[in-house]
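So the structure is just underneath, and the comments pick up after that.
Every number in this text was worked out from the coordinates using simple rules, so none of it is lab data. Here the structure is a predicted model, which is why all the values come from computation and not from measurement. Neighbour counts run over all protein chains shown; Cβ positions are idealised from the backbone, glycine included.
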Amino acid sequence: MQATEAPAPAPAPATADPIAERAGLMADPAFAKAAANPTSAEWQRLTEVNARIAAAHDSAMAAADAEAAKTLRQDRAPAPDPVAVDDSFDPPASPTEYALWPSDDAQWLGFMNRSGLQPDLDFDQHLRVGLHAAGVDATTALLGYTAAVSAAMVKSPEALAARQMQQHSVTEASLRLRWGASFDRKVELAQQEARAIFSKLPASVTRGQSFEDWVESRGIGNHEGLIVRLVARAEARQGR
């Protein structure tokens, strides 16, 4: 009998439980990396899943979180770090090498226009220089930048606050599942790493804000990928 080649697996279908669906998607490092690009199909898929999570009633979402956590603990090995796709935490050779989808890129500019966002070339330039001076690697910079862009798409402060509350719940549940008893220690590591970076940024980037206000206004404090990456940076420096 002649052997036949197995067909390629189909993309994971949408499920009734968006929490478990998101965990499954983010367990794939290739998907997680592609989802950092706001012009990608992966970004759109993740945005759709997150919207379904945000639309759920609080009690229903809490029950879904508990059920997803129970299932994943029983049936699956711990998911790999979705952003630990390289082991280099060095900054690029120059500020211009940060891949932040600059506003003079036609595809990125089109995306911004469709989303009602206005490019800030001056801020982007100061940000690149500041990130480089602070020794931030390209992956960490990209995760933080795209998280801020996602938050900027929310039109009102009330909607942004509601979005951040929902995102906080989802991110905490996912990270507790990932880190278990190490959750508190690793969150503290991420905060320390973020503060260290913030302390090295120029005033043209921080704009007189405190660390807490800057993180909240940029909408980046609950981004799971960024938090995991910050922990990886801190632990690499500590030799773990």
Checklist entry - Spin-label point model (7 Å from Cα, Cβ direction): what's the Leu121 to Ala34 distance in nm? => result 3.2
Checklist entry - Which is farthest toward the positive dipole end of the range 164-240 among Gln191, Ser217, Leu230, measuring Cα position about the Cα centre, with Cβ charges +1 (Lys, Arg) and -1 (Asp, Glu)? => result Leu230
Checklist entry - Relative contact order, percent, of the range 168-240 when contacts are C-alpha pairs under 8 Å separated by at least 6 residues? => result 44
Next on the checklist: Based only on other Cβ atoms within 10 Å, what is the fewest-to-most ordering of Glu172, Glu97?
Outcome noted: Glu97, Glu172
